[in-house]
Amino acid sequence: MKTWKLDTKHTSYIISLTDSGHLEHLHYGIRLGNFDLGLLREKMPYPTGLVLDEYNPVSLEDLPLEFSTYGKGDIREAMVEIETFDKNRVSDFRYVEDRENSVETSLLPSSYGANKVLEIETTDMHSGLTLTLVYRVFEETDVIVRSCILKNDSDEPVIVHRLLSAQLDLNRNDLIWRSFDGHWGREREVHEKALNAGILINDSKTGISSNRHNPLIILRAVNCDDQIGECYGLNLIYSGNHATIGEVNAYGKSHIVWGINPHSFAYPLLPGESLESPQAVLTYSNQGINELSRHFHELINQHLIPQQWQNKPRPILINSWEATYFNFNEAKLIKLAQTASEVGIELFVLDDGWFGRRNNDASSLGDWDVNTKKLPGGLKRLSDKIHALDLQFGIWVEPEMISPDSDLFRAHPHWAITIPGRIPSMGRNQLVLDLALSEVQDYLISTFTKIFSSAQIEYVKWDMNRNLSDLYDGSHNHRYMLGLYRVLHELTSHFPKILFESCASGGNRFDLGMLAYMPQIWTSDNTDALCRVAIQDATSQGYPLSTISAHVSAVPNHQTQRLSPLETRFQVACFGLLGYELNLNELSSESLNSIKQQVLFYKEYRNLFQFGTFYRCSPSNQLNLTDWMVVSDDKSQGILMHFQDRAIANPTTQIIRPVGLNEETTYDFSNRPFDIDIGVFGDLINMVSPIRIKPDSLLHKAVRKMKVLHTEMEHGTADGRSLMYGGIKLKQSNVGGFNDETRIFPDGASRIFLFKKSE
Ligand code: DGJ
């Protein structure tokens, strides 16, 4: 009996061929050594439900399979559904042959560097179409990447209604389905529900992967958390409409399919043509979600992002958006850049507003000529001046869009996605260019090749600020994606030295498809530290810190009006790709000095923050606290952030428990010192002041300037074992008195602790 066993370091994925020619899924989970086929196979001498019995009785309703199709007794959600010329949607694919390492080049974004590739070819008994399943095995990262290719080998055209990328059938019904949902400014809120009788769908119909439902899904056993237990991770290397559909069948087996959203999907295939599904990512851990995340992180860092950015340190940037919005000129930008350079920032990014008549968001997308009223010397002169300040230079673009009020629209109205005779839906006053048209793709490639060559540009922020609507037909969204991927491939390979950052109104397209071309993504327009803790924590479950762009912005925060301490804004942004996005010239000299220290600190530990192994290690009994940790590969260094969203009066002891250190190694640890504004005490300052100081009076301000408090210091030496399992009890906070032995820890406070192998 033919059997395929795909092993990674800690997992096995096992398939076997039934006598009927179906591909039975035997196992996905912990790695098996010698296994007994007889034990793993389904026994169905008297199958219930409908039966296919030309060879041996088989009940497709309940047999765990590599793919389900519609109409022969398998009543679970299908992975593949095709309408043949006679309007029939029933298909019955059976095994033909299998081969290793023979995948053709693809138009879709792809993982690379698999240790092994297996292809299994099947054919439909009814139409003669060929369906090839592809499995890529990543041994070290414990990941299996699946995809499939459907070829119309018949003499008639067909319509593909479903071609999902992967299916996972499991002999269990005890899983919790974790999804990452939200909206603008609230990206990737974590929700959980039981995967049980009935159907759960996580999908996007927005035309892009979306902030409404990220393609990442985690299935965890009830007793699994970040540190322990069994879990499965699913994702998709794609940026368009996606769906993950999960159900538990009448026999208590879980069945999950994921890929391009079948909703409204209808893709015509002429004889001889093929359709390839995007690649689906699958991983498993029996050691909790931190370990599952690590698999995703390594896949992305080592096998997905453009190779030239692998392990390449990313610069600390200043972005002009929240500093100036549309209201700038060359002098203002240079002033900002000057201060940025003085505090040690490395890259200046000119955001929206530098082209056409773009003084607000009502016009000019498509008119990519420099606005010489704002920048008389063009991008070239600005870039030269920025470089003279010892900074790199980057720009913002939004190539996929067109403003109805633009010369481009007036010249090519049919380039915008609209349905003739109907009024199109608008988003941020703009329409979407039809990237399914090759003339539009060519136009974008040549326009942006010119722009990116017009000055010394080291970084590009590629934005995309509305969802797709008014698509013509069921294949349009996918054809748009293929066009987009062609444009991205051409431009990013033509400019391999430019660091591209993907953005879509913040994190509206935070997905593996975009990461295949651009190694980092603007995580959210919400830069409030407290909100960012939740957003980055959730994002980290599927995506590494090297992809998570994170900026320190002004207070009151522009999205929430919250006041968070500057040091917390920084310490949260440290766990990602650090940037600043505020008018540095409006800050006090004390704040600028703090930023100088922050930049120095981040530079010293940049590799750890961007490429270290990341762990979520929040104390499980205190919901107002979040702890994160990064550890170097050799485990000689680690950094832990301890964050508190809400202060509690007379609180219980706070204990930090580092994760990921070496049990036997001895570490010195201490917290990162910084200054605390005595303003946090308000009126209480009078408890120690010899004269009465009225809060907010000139005297109060003067005293705040002259007298700063230093953070408490906590340090010690211990081995990894006692640090990780015994923990470190922190000094008391928020009690009646205050001295060196207490911790000032109001709402939004945080501390960073450094662990270094003792000499
Ligand atoms: C949306 C992005 O998320 C912002 O950072 C900024 O670039 C604006 N677009 C500019 O229009």
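The values are calculated or read from the model by the stated rules, or taken from the named source; none is laboratory data. Every value quoted in this text rests on a predicted model; they were computed, and no experiment measured them. For neighbour counting, all protein chains shown are included, and Cβ atoms are generated from backbone atoms with ideal geometry for every residue, glycine included. Surface areas here come from the heavy atoms of the whole protein model, side chains and all, with no ligands, DNA or RNA. Shrake-Rupley method; radii C 1.70, N 1.55, O 1.52, S 1.80 Å.
Quick look at the values:
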| item | result |
| --- | --- |
| Packing-based ranking, highest mean first, of 435-444, 713-722 given that Cβ atoms within 10 Å are counted | 435-444, 713-722 |
| Three-way shape call for the chain based on the alpha-carbon gyration tensor, with the a/c threshold at 1.5 | oblate |
| Cα-based shape type of segment 45-160, given that a ≥ b ≥ c are square roots of the gyration tensor eigenvalues and the cut on a/c is 1.5 | oblate |
| 16 Å reach of a label modelled at His10, 7 Å along Cα-to-Cβ, counting backbone N of segment 531-547 | 541-542 |
| Theoretical ellipticity at 222 nm over the chain - DSSP helices of four or more residues, -39500 (n - 2.57) apiece, nearest 500 | -6000 deg cm²/dmol |
| DSSP beta bridges in segment 1-93 [antiparallel fraction, %, rounded to 5] | 95 percent |
| Among 199-208, 730-739, 547-556, the order from most to least packed when residues are scored by Cβ within 10 Å on average | 547-556, 199-208, 730-739 |
| Cβ-based charge dipole, the chain, positive-most Cα from Pro519, Thr418, Ala114 | Pro519 |
| For segment 132-190, size of Cβ-based charge dipole, Lys and Arg +1, Asp and Glu -1, in debye | 160 debye |
| Solvent-accessible area per residue, Å², over segment 465-550 with all protein chains present [probe radius 1.4 Å] | 20 Å² |
| Under 19 Å, Cα to Cα: Lys pairs in segment 632-759, sequence gap 8 or more or different chains | 5 |
| Hypothetical label at Asp369: residues of segment 403-443 whose amide nitrogen lies under 20 Å (7 Å Cα-Cβ projection) | 403-413, 443 |
| 13 Å Cα-Cα reach of Lys380 towards aspartates and glutamates, excluding residues that sit fewer than 8 places from it in its own chain | Glu330, Asp369, Glu458 |
| Peptides ranked, highest mean first, by Cβ atoms within 10 Å: ranges 657-667, 273-283 | 273-283, 657-667 |
| Whole-angstrom gap from segment 480-498 to segment 705-752, using each part's C-alpha centre | 48 Å |
| Acute angle (nearest 10 degrees) that the helix 288-303 long axis makes with the longest principal axis of the chain, alpha-carbon atoms | 80 degrees |
| Point-to-point label distance, Ser588-Glu97, nm (Cα→Cβ direction, 7 Å offset) | 7.7 nm |
| Cβ-Cβ FRET estimate between Asp390 and Met687, R0 fixed at 30 Å, reported to 0.05 | 0.05 |
| Separation between Cα centres of segment 24-99 and segment 619-650, rounded to whole Å | 46 Å |
| Positive dipole terminus of segment 631-759, leading residue within Gly737, Ala718, Thr653 (C-beta point charges) | Gly737 |
| Degrees, to the nearest 10: 529-539 long Cα axis against longest axis of the chain | 20 degrees |
| Full-stretch length increase - His414, Arg428 - with 0.36 nm per residue and alpha-carbon distance subtracted | 3.1 nm |
| Helix 378-388 vs. the chain, principal-axis angle (Cα, 0 to 90°, nearest 10) | 60 degrees |
| Protein accessible area in the chain, 1.4 Å probe - carbon and sulfur % | 51 percent |
| Magnitude of the charge dipole, segment 80-119, Cβ model with Lys/Arg +1 and Asp/Glu -1, debye to 20 | 100 debye |
| Two-site FRET efficiency, Lys116 against Arg646, from Cβ-Cβ distance with R₀ of 51 Å, rounded to 0.05 | 0.55 |
| Gap separating the Cα centres of segment 341-416 and segment 507-528, nearest whole Å | 20 Å |
| Paramagnetic label zone (point 7 Å from Cα along Cα-to-C-beta, Asn360; backbone N under 14 Å) in segment 415-434 | 428-430 |
| Lys, Arg +1 and Asp, Glu -1 on Cβ, resulting dipole of the chain about Cα centre, debye, nearest 20 | 2540 debye |
| Dipole of the chain [Lys/Arg +1, Asp/Glu -1 at C-beta], most positive-end residue of Ser493, Gly682, Leu131 | Gly682 |
